1. Evaluate the stretch 485-493: report whether one residue or more is modelled with pLDDT of 95 or more, charged (D, E, K, R) and either within 21 Å of Pro640 (Cα to Cα) or crowded, with 21+ Cβ neighbours inside 10 Å (or both).
2. Please enumerate the residues belonging to the stretch 67-86 that are over 19 Å from Glu683 (Cα atoms) and touching a Phe, Trp or Tyr at 6+ places or on another chain (Cβ under 7 Å).
3. Return the residues of the stretch 380-405 that are under 11 Å from Phe336 (Cβ atoms) and either of a type in the set (Gly, Ala, Ser) or in contact with a His (Cβ under 6 Å, 6 or more places away or on another chain) (or both); say none if nothing qualifies.
4. Among the small types (Gly, Ala, Ser), open to solvent by 30 Å² or more (accessible area, probe 1.4 Å) and at pLDDT 95 or above: does that describe Ser421?
5. Open to solvent by 10 Å² or more (accessible area, probe 1.4 Å) and touching a residue at least 60 places away in the same chain (Cβ under 8 Å): does that describe Glu513?
6. Among the residues of the stretch 347-376, which ones are closer than 16 Å to Ala401 by Cα, open to solvent by less than 20 Å² (accessible area, probe 1.4 Å) and part of a strand (DSSP E or B)?
7. Just give me the residues in the stretch 17-34 being more than 22 Å from Ile598 (Cβ to Cβ) and at pLDDT below 95, in sequence order.
8. Name the helices (runs of 4 or more DSSP H) wholly within the stretch 534-634 that hold at least 1 residues that are open to solvent by 10 Å² or more (accessible area, probe 1.4 Å) and acidic (Asp, Glu)?
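The values are calculated or read from the model by the stated rules, or taken from the named source; none is laboratory data. Nothing here was measured: the structure is a model prediction, and the numbers come from that model. Here Cβ is always computed from backbone atoms with ideal geometry, including for glycine, and neighbour counts include all displayed protein chains. SASA here: full protein model, heavy atoms, side chains in, ligands and nucleic acids out. Shrake-Rupley method; radii C 1.70, N 1.55, O 1.52, S 1.80 Å.
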Amino acid sequence: MTDTTPATQPPIARKQDDRTTHHGIAITDEYAWLRDAGYPKVENADILAHLNEENRWFETRMKPHETLVEDLFREMRARIKEADASVPQKDGEWYYWIEYLDGAEYKQWWRKPAAGGRDGEEGKQLILDEAALAEGHEYFSLGAFSVSADGTMLAYATDTDGSERYEARFRDLSTGADLPDVIPGTLGSLVWVKGDSGIVYSLANENWRTDNARLHWLGRPVAEDTELFHEDDEGFRVGSGLSATEEWLIIATSDHETSEAWIVPADDPEAEPVLIRAREKGVEYDVDMRGDTIFIHTNDTHENFRLATAPLSGPAAWTTRIEGSDDFYLTGFELFRDFYVIEGRRDGLDQIEIRSYDDPADVRPIAFPEASFVASLGNNPEYAVDTLRLSYNSMVTPGTAYDYHLADRRLEVLKVQEIPSGYDPSQYRTERVTITARDGTEVPVSLVMRADTPKDGSAPLHLYGYGAYGIAIPPGFSTTRLSLVDRGFIYAIAHIRGGDDLGRRWYLDGKLERRTNAFTDFVDAANGLIDLGYTRKGRVTASGGSAGGELMGAVVNTDPDIWGAVVAHVPFVDVLNTMLDASLPLTPGEWPEWGNPIEDKAAFELIRSYSPYDNVTAQNYPPMLVTAGLNDPRVTYWEPAKWVARLRDRKTDDNELLLKVNMGAGHGGKSGRFDSLREVAEEFAFILWQMGMTKAA
């Protein structure tokens with residue numbers, strides 16, 4: 001039983017000599033013992049005892065601020081409409097939508113016959129209740145959710161411990177009963193084929209890698225399932241989906257820089273697959289089908305991608321339809337019967353364009369009302385449509401669902417995110433500034449604040465960053481963020497290199513040998529905002545998670561005096577040791593992102609030069625809150641645990657250093673709608689505590 005008595009001092013992890021040599025260089029890791037040899041099972045008593053002691057220290061130090069946590073939680077919850085529903089969307093003979101009941105942590109999935117119209121109530125059918133599935137579990141996540149084309153069957157997958165190893169099941173929607181078929185250990189989509197009699201799926205292997213596409217026939221033993229495709233490169237991952245017309249099964253395999261795709265008739269999934277084009281290192285592509293024409297989105301001739309086509313009879317013969325552009329970053333496309341849509345970014349802002357199959361000059365961009373915003377295609381499951389469902393928000397505009405009517409190019413507002421406790425956008429303002437980084441690069445920063453917040457250096461400022469994997473951080477809306485903004489904070493997002501906010505080059509300039517650009521961009525953004533009068537040194541707080549947690553670890557090593565407080569969620573901080581261990585779930589697939597220090601001495605030396613764990617030194621560090629998930633397959637729990645242990649041993653200050661380990665969750669923390677809010681409340685309470693702002697708003 002876990003000891004719940006207050007702790008009187010932070011846990012000090014024992015040191016145990018562990019030395020390895022790579023490229024003639026010795027590395028000492030005195031906390032390597034915190035990795036359980038039986039992982040993914042964690043049963044070592046000493047390790048569990050240490051993690052529980054960290055949690056007890058966290059609870060002890062946060063207890064005086066539990067009223068603030070509760071206040072923050074209540075105001076965050078008050079901004080959420082508890083009994084809520086999405087706008088129904090038509091798919092075949094049915095309209096589908098999700099609902100939250102008052103107070104519910106999890107969704108319900110509903111449908112009704114399309115004949116009754118979008119707003120009718122007749123024939124409502126509850127097809128899946130997440131709350132019922134989550135009952136008795138500390139953690140719950142619904143993964144794949146796929147209704148058969150004829151509307152009679154549901155395939156779904158669930159995870160009840162955060163390990164992201166899902167269990168697939170199948171439900172007869174006429175009776176609501178699940179079939180006996182159960183497939184454990186899936187990861188990814190569940191794709192209906194062969195007249196809705198079979199499902200294509202991927203299994204996670206013992207290293208949590210999807211190296212396969214498998215076919216399960218309903219009613220047959222899982223042991224008889226057929227492997228349709230196997231990937232031999234341990235760095236690649238396999239996924240499956242259907243073409244827009246649902247006539248083709250598309251099997252794709254890729255790592256972070258190279259991809260390859262195959263197509264198979266969906267009505268004959270065991271037929272010989274057709275290769276689109278053999279993989280070529282550094283060339284990424286994805287495909288869809290319209291009739292006998294293959295559409296290909298690829299970076300083979302331009303880093304910002306082009307759109308090409310090829311005949312089914314010669315799938316490797318690609319002809320450009322939309323040229324790659326320095327000004328327009330083509331991020332994706334969707335095919336419909338009478339038109340197609342491309343999505344991308346220009347100057348870092350989202351763009352959606354309607355395109356004609358017959359006339360390349362017929363380009364219809366969709367215009368939105370604000371200068372800075374986030375916009376994307378929503379759920380559009382049908383092939384023959386005359387309206388498009390869109391999603392929209394900005395840093396001051398709550399989430400909005402639109403239907404775009406193609407005939408008259410009109411946006412129809414279907415639903416605006418309701419904030420029950422009240423929200424007046426005129427009380428806030430958003431800005432976008434550029435900061436000149438140390439190498440001359442102009443780095444954009446998006447900011448939101450109350451309209452009356454002074455720009456005299458007195459305001460505290462929270463800076464968020466990620467900067468990896470080509471993932472852009474959009475300037476979008478957040479209800480939780482208001483709890484800082486309403487207390488006088490300026491909230492800023494640094495669009496640093498490593499993400500693809502400004503195009504593919506922006507991503508490439510923050511990876512591999514250019515990785516440290518992400519870290520220096522973030523520091524330079526903070527200093528630039530200080531110089532512009534938004535805040536002052538010591539009044540800047542910062543946060544990031546996963547690879548953004550690596551960012552936090554790097555900047556507290558290099559520039560500890562800037563930050564008033566730092567929160568690092570599931571931080572990827574033990575970069576060198578992780579990239580040296582090919583047995584870990586993600587490592588081989590991550591080498592194109594970070595480099596392979598096993599084979600490449602230069603990569604070893606570069607990673608060693610910035611890896612946060614390897615660069616902890618005897619200096620003052622800012623107050624820090626660190627989180628971890630015991631079942632996290634992406635950033636294993638021992639990375640933040642080891643990092644905190646080394647920080648405690650080496651840092652020369654008395655600032656707070658807290659580690660919270662979710663003992664029943666994974667990478668995303670707690671899973672419920674409100675349980676997850678409480679963790680945000682804890683984070684914000686820690687920040688306010690460290691900034692001396694613990695009084696009620």
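1. Of the stretch 485-493, the ones modelled with pLDDT of 95 or more are 485-493.
From what's left, charged (D, E, K, R): 486-487.
Cutting the leftovers down to either within 21 Å of Pro640 (Cα to Cα) or crowded, with 21+ Cβ neighbours inside 10 Å (or both) gives us none.
No.
2. Of all residues in the stretch 67-86, those over 19 Å from Glu683 (Cα atoms) come to 81-86.
Glu82, Ala83, Asp84, Ala85, Ser86, listed by residue number.
3. Residues satisfying the conditions are Ala384, Thr387.
4. Details: among the small types (Gly, Ala, Ser): yes; open to solvent by 30 Å² or more (accessible area, probe 1.4 Å): yes; at pLDDT 95 or above: yes.
For Ser421, the condition - among the small types (Gly, Ala, Ser), open to solvent by 30 Å² or more (accessible area, probe 1.4 Å) and at pLDDT 95 or above - is met.
5. Judged against the criteria, Glu513 is a match.
6. Ile352, Ala375
7. Hit for the stretch 17-34 is Asp17, nothing else.
8. On the way: elements: 547-558, 575-579, 587-594, 601-610.
By residue number, 587-594, 601-610.
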